[in-house]
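Please read the structure below before turning to the comments.
The values are calculated or read from the model by the stated rules, or taken from the named source; none is laboratory data. Keep in mind that what you see is a predicted model, and the values were worked out from it rather than measured. Quick reminder, even Gly has a Cβ in these numbers, built from the backbone with ideal geometry, and neighbours come from all protein chains shown.
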Amino acid sequence: MAQINLHKELKKYFGFDEFKGLQEEVIKSIIQNNDTFVIMPTGGGKSLCYQLPALIKDGTAIVVSPLIALMKNQVDVIRSISDHDGVAHVLNSSLNKTQVRQVKSDIESGITKLLYVAPESLTKEEYVDFLKQQEISFLAIDEAHCISEWGHDFRPEYRNLRKIIGRIGDNIPIIGLTATATPKVQEDIIKNLGMKNANTFKASFNRPNLYYEIRPKTANVDTDIIKFVKQNDGKSGIIYCLSRKRVEELSQTLQVNGVNAIPYHAGLDSKTRAKHQDMFLMEDAHVVVATIAFGMGIDKPDVRFVIHNDIPKSIESYYQETGRAGRDGGEGHCLAYYSYKDIEKLEKFMSGKPLAEQEVGHALLQEVVAFAESSISRRKFILHYFGEEFDNETGEGGDMDDNARYPKKQKEAKDDVVLLINAVKETGEIYKSKELVNTLIGKVNALIKAHKAHEKEIFGKGKDHPKEYWMALSRQVIINGLLRKEIESYGVLKITDKGHEFLAHPKSFMMTEDHSFHENQAPATSANAVGTDPQLLKMLKSLRKQVANQKSVPPFVVFQDPSLEDMALKYPVTIDELVNIHGVGESKAKKFGKKFVDLISKYVEENEIIRAEDLVVKSTGANSSLKLYIIQNVDRKLPLTDIADGKGMNMNEFIDEMEAIVYSGTKLNISYWIDDVLDEEQQEEIHEYFLEAESDSINDALEEFDGDYDEEELRLYRLKFISEVAN
């Protein structure tokens with residue numbers, strides 16, 4: 001088909017004068033009836049690659065898609081450019097018999113050019129028998145990564161598509177399309193769909209206009225997000241959260257603080273979801289707080305920021321979600337909050353799944369940890385993950401991430417790289433990074449013993465450096481291509497040719513230190529991130545020590561660190577303002593607050609500080625009914641497990657809520673429950689510990705007691721301790 005015709009058809013149907021990127025090449029391949037495999041990142045114009053050929057060619061094109069919302073969206077788009085509604089149809093479980101008859105009739109009479117189906121629909125005998133009789137122009141499989149169990153969104157029903165296609169017809173051209181696929185997943189798709197001779201088109205994964213940034217996630221995350229959103233006032237943005245509960249909380253907090261935000265998650269009824277989606281598209285609301293269900297098929301070109309309140313569970317998800325920013329080529333700020341606790345939460349979610357799925361899940365998560373903690377260019381990291389080389393000096397968008405713009409210091413690590421690669425060699429290339437690092441630092445465990453690694457000469461040779469150093473180095477060595485991760489064995493390290501070459505002729509290797517996101521360091525970093533006043537913080541800590549000594553209690557009983565940090569950020573000068581500080585309730589403000597607001601007031605005056613009014617983050621009051629429910633039921637001495645169940649919470653979430661109550665100064669008497677869990681001697685031992693302790697950190701307590709008590713017991717006793725000693 002002559003090239004001029006394609007441009008004419010493009011103008012006729014879609015009104016565009018030019019094709020984007022690889023679109024034209026892909027469309028030519030499809031029109032010539034070739035099997036075609038397309039890897040095109042979000043925003044590249046992937047759907048047009050099959051929509052235009054479907055409209056031009058004779059017959060009906062079948063498009064397999066996993067998402068009903070996405071199908072509906074696309075059907076609407078095609079109908080809007082045609083005179084006949086029958087030009088595009090959905091065939092899935094949502095249709096009644098009359099509607100199914102209409103769809104069949106439109107296909108038979110040659111009106112329907114695009115038929116969108118879910119994979120399950122193709123397993124129905126009556127549909128297969130019907131489609132056998134029709135002229136099928138080609139079969140497109142959107143979101144083709146769902147075929148691969150190595151991908152981030154594996155759907156078993158996709159595995160049978162090849163068989164089903166064979167039943168509909170022998171020589172139907174197949175088009176596979178995906179926006180995110182690592183080299184391993186690409187290989188898997190081609191193999192599973194039997195497209196050995198497919199024409200493959202791969203667009204670059206680089207989105208040069210996006211700026212990537214990771215910040216530590218601390219108790220002040222709400223304040224940080226509000227500040228960021230207000231600095232970007234009037235711009236459209238999406239904030240992703242892991243749970244529906246967090247979506248509701250954060251959207252309410254934003255609303256109370258004057259941000260036009262709306263929630264979006266699967267728990268809302270479809271009418272509300274559609275309304276909120278339209279409000280965002282029509283700019284009646286600038287910010288949508290959502291679970292990852294939002295954005296599938298949302299085509300808003302001018303989203304200016306995407307914030308991840310919780311780190312996603314794979315690089316693919318992160319790439320896809322951040323990809324919703326700046327589709328028009330304009331500004332797109334991608335900000336994610338990271339804490340290792342979130343990773344542990346995601347690991348817990350996986351524990352009930354089949355073993356192979358867990359292994360893949362853990363491997364994907366470890367890549368996310370590496371991405372967040374690494375100090376090499378984030379763009380280089382992402383592109384390497386998708387099998388693409390990138391040079392920050394010459395590549396587009398080379399300085400568009402926090403690590404590239406604010407580099408950490410580098411050090412020569414040539415000898416350590418040699419040691420690292422030798423460790424892989426001497427242990428027989430059977431270990432993942434974690435066990436390799438244990439070998440180097442001389443840490444024995446069951447896996448090390450099983451392979452007798454502790455008897456090898458290399459064992460303990462790297463103990464001069466901590467394990468974090470070796471993890472950081474191994475990531476940088478992998479990205480530089482001296483080692484590679486073998487996906488089939490869930491991340492076992494193998495030496496590449498380049499690595500063997502390095503061993504034979506070692507040369508300079510400059511490594512950058514990783515970021516540290518450990519619990520005890522996070523607040524300091526967060527403080528800098530949102531501008532806590534270090535001088536005032538020092539004075540507040542000193543005052544807290546005085547007050548604690550007078551009352552003969554540990555300092556954390558007066559106010560916790562995050563509360564002091566929040567004071568040093570917002571400068572509250574009245575008791576009313578103090579109540580809006582993180583972790584401070586009315587009773588605590590009344591009991592300890594006066595000296596603190598007096599000190600802050602004096603400090604503000606002496607240093608002529610202008611207080612940012614909008615930074616007084618107001619609380620939503622949404623939790624007050626839950627708070628009341630907990631206090632009343634604890635007073636009635638109901639079993640804590642029953643109180644938690646009554647609100648659909650697990651024990652961990654329930655303890656979080658009780659901590660918020662107790663730390664803000666309200667008494668909760670849970671002795672009746674603790675007396676059943678711990679005997680008198682045990683309670684005394686933990687009580688003594690918290691009285692003497694410098695901090696109320698549960699991690700420190702777990703270390704001190706070394707397995708005598710579990711986390712839940714210590715958290716519960718800490719609640720009793722704070723209630724009795726402080727409140």
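D576 - would you say it is in contact with a helix residue (DSSP H, G or I) (Cβ under 9 Å, 6 or more places away or on another chain) and crowded, with 20+ Cβ neighbours inside 10 Å? Quick ask: steps written out before the conclusion?
On the way: in contact with a helix residue (DSSP H, G or I) (Cβ under 9 Å, 6 or more places away or on another chain): yes; crowded, with 20+ Cβ neighbours inside 10 Å: no.
No: the conditions fail for D576.
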If I ask for residues that are crowded, with 19+ Cβ neighbours inside 10 Å and in a loop (DSSP other than H, G, I, E, B), which ones from segment 377-394 would you list?
S377, F386, F390
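From the list V100, V87, exactly one residue is of a type outside the set (G, A, S) and either surrounded by fewer than 18 Cβ atoms within 10 Å (Cβ to Cβ) or at positive phi (or both). Which is it? Spell out the reasoning first.
Details: V87 fails: either surrounded by fewer than 18 Cβ atoms within 10 Å (Cβ to Cβ) or at positive phi (or both).
Unique residue meeting the criteria: V100.
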Select from segment 302-354 the residues that are among the charged types (D, E, K, R), assigned to a helix (DSSP H, G or I) and over 18 Å from T180 (Cα atoms) and list them in ascending order.
K341, D342, E344, K345, E347, K348
Take the conditions of a type in the set (D, E), loosely packed, with under 15 Cβ neighbours inside 10 Å, touching a residue at least 12 places away in the same chain (Cβ under 8 Å) and under 27 Å from S587 (Cα atoms) and apply them to E711. Does it pass?
no
If we only count strands (runs of 3 or more DSSP E) wholly inside segment 400-519, which ones have 2 or more residues that are exposed (fewer than 14 other Cβ atoms within 10 Å of the Cβ)?
410-412
Identify all residues within segment 143-161 that are crowded, with 16+ Cβ neighbours inside 10 Å, out of contact with any strand residue (DSSP E or B) (no Cβ under 7 Å at 6 or more places or on another chain) and part of a helix (DSSP H, G or I); write none if there are none.
C146, I147, E157, Y158
Hits in segment 536-572 - residues which are part of a loop (DSSP other than H, G, I, E, B) and either aliphatic (A, V, I, L, M) or under 16 Å from I722 (Cβ atoms) (or both)
S552, V553, P554, F559, Q560
Name every residue in segment 263-295 that is without any contact (Cβ under 8 Å) to a residue 40 or more places away in the chain and of a type in the set (S, T, N, Q), in order of residue number.
S270, T272, Q277
Out of (1) surrounded by fewer than 22 Cβ atoms within 10 Å (Cβ to Cβ); (2) among the hydrophobic types (A, V, I, L, M, F, W, C); (3) over 21 Å from the mean Cα position of the chain (by Cα), the one I189 does not meet is (1)
Among the residues of segment 120-143 satisfying the criterion of being within 23 Å of D85 (Cα to Cα) and not hydrophobic (A, V, I, L, M, F, W, C), which is nearest to the chain's Cα centre (by Cα)?
D142
Under the condition of being of a type in the set (A, V, I, L, M, F, W, C) and not in a helix (DSSP H, G or I), which residue from segment 573-600 is farthest from the chain's Cα centre (by Cα)?
V573
What do you reckon, is K313 touching a Leu at 6+ places or on another chain (Cβ under 7 Å) and crowded, with 18+ Cβ neighbours inside 10 Å?
yes
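Yes/no matrix, rows are residues, columns are (1) surrounded by fewer than 19 Cβ atoms within 10 Å (Cβ to Cβ); (2) among the aromatic types (F, W, Y); (3) assigned to a helix (DSSP H, G or I):
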residue	(1), (2), (3)
K184	yes, no, yes
Y211	no, yes, no
R215	no, no, no
A219	yes, no, no
V247	no, no, yes
L250	no, no, yes
I'd like to check something: does segment 364-376 contain any residue that is touching a residue at least 40 places away in the same chain (Cβ under 8 Å), among the charged types (D, E, K, R) and outside any helix (DSSP H, G or I)?
no
So, in segment 285-326, of the ones that are basic (K, R) and at pLDDT below 95, which residue ends up nearest to the chain's Cα centre (by Cα)?
K313
